Amino acid sequence: MKESDIISLSASDIQTLYASKRLSAVGLVKLCLAQIGKHNTRGMKLRAVLRVERQETLFKQAQDLDKEREEKGPRSPMHGIPVLVKDMISSSSTGLEMTCGSYALENSRYEGDATIVQRCRAAGMIVLAKSNLTEWGNMKDIAMTGGWSAFGGQTQSPYAEGGVDPNDTWLGHSNPGGSSSGSAAGVAAGFAPVSIGTESEGSIVTPASRAALYSIKPTFGNLPKHGVFSAVPTFESAGPLAKTPRDLADLTAILMDQESCSSRLTGRWDGLGLAFVDPTKWRWPQAIYGSNDEFEKQYLHELKQAANMLAARGVRVAQKANFPTFEEIFENKEDAQTIEHLTQFQLLDAVAQSLQGFVFSKVKSIPDIIEFNKTHPDLELPPEHPGQEALEAALKPILTKDQFERGLSVVQKSCLEAIERCLTEYGVDAILAPSESHLCGHAAAAGVPIGTIPLSFAKFNGRPFGFHILVRAREEETMFRIMSAWEATFPQASMPPPLLMHDTDPKTSEALNPEFLKL
């Protein structure tokens, strides 16, 4: 087995290797650590992980799981599989601290593992490392560059040639995406086969689409929140990222503590129907991701081409489906509020509540965090990221409690009605929008599942793009069936990062040296 194989192998591929005894969990952990050692702060300097679990802990877990497999068989389809966990999710039972990307939480201690981490460990998974993120889940500054944290630095995409352009917009074409960017970049780079992120609006699906991955933010409330740092409790959920729909379904089942539907994923469309929105209307403004005429031409052409190809193959497709944007939904609705204002109202109390889960912490509230940052500007407010406007704005929310409650009710009801109306009108199972759009806002408001399906790569810099996919509440299996059929139809969409696959450095032994693995 070559070291480069770790970049392309899925968890199900690895299980085949385990079963044939061509690989062990110990061997896999070594390969993952080697890849982190080569490209996290060296090599491509991806900075996708903040902290790696102690090697003695990892190898002991891997040895025990190898022995258990030999004697009793695997606990689950994820037995012996390493996972990256976003650094807003506690995995502290082994000493792997949670920092939310901030020095304000360095050396803090959270009480126990998150429930979803407990479920991963019970399924035989190995929590390998904590992944980098946009600091405080993108709640520190307005328009902070996606994937930057004071504690971890700037996450880079393993696909984008040249890395993050300091002059790019906050989610520009060189950017790895939203706040779960380390979870996405790490899987794409072979740091681990799967990962877990968190999302209120776009923080899983945007970086997943920028990393050619499949991902899902499940139905709101389907995953327990214990041990997950939540700044936006009405919208936020954890969710997995993976290279294949099968791995995604298997990990989702573990997180939801239910049976996996992966055995029912056939790779066939079997009557599934899709409504594609108009990509010329459903696009981010230039202020978010900039302007590139070459990309825009390719992007619109390939999005339309994908829908046409499916229709030609007999898939039930509605193109330019009549599905309203936020502006259209809330026109003339007096009590409607933006997701941003609803989010801002929750921050002050929600952050304080999440900080109560720490047994020890230097900060207990947003005012404490603001003061810490002012006191430590060299660490927290460097010249390239000198602001904390979002934290400061949380002290003076725009909405009153009554406005928040009425606004939230209007937003939830209106988005649910719009989604159901579209799905019913066209007789389809899912709504698809470009990955550079605000479909994630509709999903957040309505509390329904949203995921990503990859499609292609920008010719000008190599970064991936695709679709976001939305289904009715509690219809995760439908989404996985669509993803499975999509994977069979567009197999080239999940190509590993060429920049890493072309890395022919033979010095695996150097990469495995403990000194080399220091972060």
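The values are calculated or read from the model by the stated rules, or taken from the named source; none is laboratory data. Quick caveat, the model's predicted, so the values are computed rather than measured. Backbone-built Cβ (ideal geometry, glycine too); neighbour counts: all protein chains shown. The protein model used for the area step is the full one, side chains on, heavy atoms only, and it has no ligands, DNA or RNA in it. Shrake-Rupley method; radii C 1.70, N 1.55, O 1.52, S 1.80 Å.
Given (1) of a type outside the set (S, T, N, Q); (2) open to solvent by less than 80 Å² (accessible area, probe 1.4 Å); (3) on the phi > 0 side of the Ramachandran plot, where does LYS320 come up short, assuming only one miss?
So the condition that LYS320 fails would be (2).
One line per residue, one yes/no per condition, for (1) under 21 Å from the mean Cα position of the chain (by Cα); (2) farther than 26 Å from LEU355 by Cβ; (3) at pLDDT 95 or above; (4) not in a strand (DSSP E or B):
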site	(1), (2), (3), (4)
ARG51	yes, no, yes, no
GLU68	no, yes, yes, yes
GLY101	yes, no, yes, yes
CYS120	yes, no, yes, yes
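How many residues are part of a loop (DSSP other than H, G, I, E, B) and in contact (Cβ under 8 Å) with a residue 40 or more places away in the chain if we restrict to the range 70-94?
Selection size over the range 70-94: 11.
For the range 271-288, does any single residue satisfy the condition of being out of contact with any His (no Cβ under 8 Å at 6 or more places or on another chain) and farther than 26 Å from ALA445 by Cα?
Checked against the condition, which is being out of contact with any His (no Cβ under 8 Å at 6 or more places or on another chain) and farther than 26 Å from ALA445 by Cα, the range 271-288 yields at least one hit.
Residue pairs, Cβ under 8 Å, 6 or more apart or interchain, first in the range 333-345 and of a type in the set (Ser, Thr, Tyr), second part of a helix (DSSP H, G or I) and modelled with pLDDT under 95. List them.
Partner pairs satisfying both residue conditions: THR338/PHE326.
In this structure, does GLY239 turn out to be crowded, with 24+ Cβ neighbours inside 10 Å, of a type outside the set (Phe, Trp, Tyr) and in contact with a Lys or Arg (Cβ under 6 Å, 6 or more places away or on another chain)?
So GLY239 fits the description; yes.
Here is a list of conditions, (1) in a helix (DSSP H, G or I); (2) in contact (Cβ under 8 Å) with a residue 40 or more places away in the chain; (3) under 20 Å from ARG316 (Cβ atoms); (4) basic (Lys, Arg), and ARG421 meets all of them except one; can you say which number that is?
(2)
Any residue at all in the range 490-508 that's modelled with pLDDT of 95 or more, surrounded by 17 or more Cβ atoms within 10 Å (Cβ to Cβ), farther than 26 Å from CYS32 by Cα and of a type outside the set (D, E, K, R)?
yes
Select from the range 374-389 the residues that are part of a helix (DSSP H, G or I) and not β-branched (Val, Ile, Thr) and list them in ascending order.
LYS374, PRO377, ASP378, LEU379, GLU380, GLU389
Restricting to the range 37-85, count the residues that are open to solvent by 10 Å² or more (accessible area, probe 1.4 Å), touching an Asp or Glu at 6+ places or on another chain (Cβ under 8 Å) and of a type in the set (Gly, Ala, Ser).
2
Just to check your reading of the model, which residue among PHE191, PHE276, PHE229, PHE220 is in contact with a Gly (Cβ under 8 Å, 6 or more places away or on another chain) and buried (at least 24 other Cβ atoms within 10 Å of the Cβ)?
PHE229
Residues to consider are GLU334, GLU392, GLU371, GLU328; find the one that is modelled with pLDDT under 95 and part of a helix (DSSP H, G or I).
After applying the criteria, what remains is GLU328.
Tally the residues that are under 30 Å from GLU405 (Cα atoms) and either open to solvent by 30 Å² or more (accessible area, probe 1.4 Å) or among the aromatic types (Phe, Trp, Tyr) (or both), restricting the search to the range 345-364.
Qualifying residue count, the range 345-364: 7.
Mind checking which pairs have a first residue in the range 460-482 that is open to solvent by 10 Å² or more (accessible area, probe 1.4 Å) and a second that is basic (Lys, Arg), Cβ under 9 Å, 6 or more apart or different chains?
GLU477/ARG264; THR478/ARG472; ARG481/ARG264; ARG481/ARG268
Please give the number of the condition ILE431 fails out of (1) open to solvent by 10 Å² or more (accessible area, probe 1.4 Å); (2) among the β-branched types (Val, Ile, Thr); (3) in contact with a helix residue (DSSP H, G or I) (Cβ under 8 Å, 6 or more places away or on another chain).
(1)
Scan THR145, THR206 and give me the residue that is assigned to a loop (DSSP other than H, G, I, E, B) and among the β-branched types (Val, Ile, Thr). Walk me through it before giving the result.
Details: THR206 fails: assigned to a loop (DSSP other than H, G, I, E, B).
Going through THR145, THR206 in turn, the sole match is THR145.
Which one is farthest from the chain's Cα centre (by Cα) among residues in the range 268-321 that are more than 25 Å from GLU477 (Cβ to Cβ) and of a type in the set (A, V, I, L, M)?
My answer is ALA312.
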